[in-house]
Every structure is written in C-alpha cells, then in structure tokens.
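Here is the structure we will look at, set down as structure tokens.
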Amino acid sequence: MTEERIAREGAAHDGERRPDLAAMMVPLGRALMAAEQPVLREHGLTMWAYVVLSRLDEDPVRSQNALARAVGADKTRIIGVLDGLQERGLIERRADPDDRRVRLLSMTPAGRRLRDAARRDIQQREERLLERLTPADREGFLRALRTLHALPRDVLVPETESEAGAGAESGAGAGAEESEASS
C-alpha cells in the first residue's frame, strides 16, 4: 500500500467516506492466513487443524456438531480433520455419557503444546505487522478486534439477513477452505 493511500484511508476516519468493513477485513484476513501457512506447515498442521485446536482451547469439551458450527465448517468436512488430529494424539473423542450417539472432543496435552508452539510462531510474525502501528493504535486495534470477535454471530448477522445469504460462504470460512485446499 502506498504512503499516499495510507494517508487517504487514514483521513477517512474523520468523517469522510471509508471502505466497508468486509472490504477492509477480508483481504487482510486472507493475507494473514497466507502468511500463517508456512508456520503451520512447519508444525505439521493445516489451517483447519489449527482452527480446531484453537477452538477446543476456548471450550475444552464439545460435541463434533457444536465444534463444526463454531468453526463454520460442515460437520462432514470436519470429520477428516478430527480423525487426523486423533491419530496424532492431539485430541480425544469419547462418547457423551448422556447420549452415546454424540462424540465429545477435548484437546490432549500434546495438542495443547503443538497449538501453543504454532500460535507463538504465528504471533511472532504478526509482530512485524503490528509494529507499524503506534502503541496507542496497536492497543486500540487489538481491543476492537477482541470486542468484535466476542460478538455472537446473530449480532453480526441478524437472522433475516443470514437467511437471505444462506448460500454464500463467509469470507473467513471460504478463505480457510481455500487455504487448506492448497495445502
């Protein structure tokens, strides 16, 4: 991005026009995912495997169906990822004592160590990007991302709007699939 464009887009926050959020976030998200690919390969992970391990850390025991919904993957699509993680001893699956048809997932200590190492290496690379921001801008940017990330999906996409675009892939989900398809 040229310095002129940075200055022009930076001025947009002062009441001038600005690109919509998705127009800014999707290309950035795809670039960040592409930058993560070599790190994940070094750790023997695909993007989907990393997403699963990261999500299991947020909610350590969940059903396969709940996990698939939480990561935006089709439940049949996620089965192969889970199989691979289980074969490597990174996750455990067990029958739900309340409903034996349901499989509960949890991350193993080996899965946590691998996820932590991958996350550490990814965040080291992210530092190169974040150091371009002033300390105040960096803090505000990360705080805003955490706030927006924590919003429930129904706040981001009200039910009537999500039904209208039910056939469309989300930018992040599509990017994750594209990224894994290329690995």
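The values are calculated or read from the model by the stated rules, or taken from the named source; none is laboratory data. Every value quoted in this text rests on a predicted model; they were computed, and no experiment measured them. Here the Cβ positions follow ideal geometry from the backbone for every residue, glycine too, while neighbour counts run over all protein chains shown. Note: areas computed on protein heavy atoms with side chains; ligands, DNA, RNA excluded. Shrake-Rupley method; radii C 1.70, N 1.55, O 1.52, S 1.80 Å.
Data overview
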{"read-out": "Residue that is surrounded by the most Cβ atoms within 10 Å (Cβ to Cβ) [pool: residues in region 63-107 that are more than 19 Å from ALA118 (Cβ to Cβ) and among the hydroxyl-bearing types (Ser, Thr, Tyr)]", "value": "SER63"}
{"read-out": "Residue in region 116-125 that is farther than 15 Å from ALA49 by Cα and aliphatic (A, V, I, L, M) present", "value": "no"}
{"read-out": "Given (1) surrounded by fewer than 16 Cβ atoms within 10 Å (Cβ to Cβ); (2) more than 26 Å from PRO152 (Cβ to Cβ); (3) touching a residue at least 40 places away in the same chain (Cβ under 8 Å), number of the condition LEU114 does not satisfy", "value": "(1)"}
{"read-out": "Some residue of region 161-170 being modelled with pLDDT under 95, of a type in the set (D, E, K, R), open to solvent by 90 Å² or more (accessible area, probe 1.4 Å) and not in a helix (DSSP H, G or I)", "value": "yes"}
{"read-out": "One residue from ARG138, ARG146, ARG132 being within 17 Å of the chain's Cα centre (by Cα) and closer than 18 Å to LEU32 by Cβ", "value": "ARG146"}
{"read-out": "Residues located in region 118-157, provided they are closer than 30 Å to ARG69 by Cα, aliphatic (A, V, I, L, M) and open to solvent by less than 90 Å² (accessible area, probe 1.4 Å)", "value": "ALA118, ILE122, LEU142, ALA144, LEU145, ALA150, LEU151, VAL155, VAL157"}
{"read-out": "Yes/no for ALA117 being in a helix (DSSP H, G or I) and within 27 Å of LEU85 (Cβ to Cβ)", "value": "yes"}
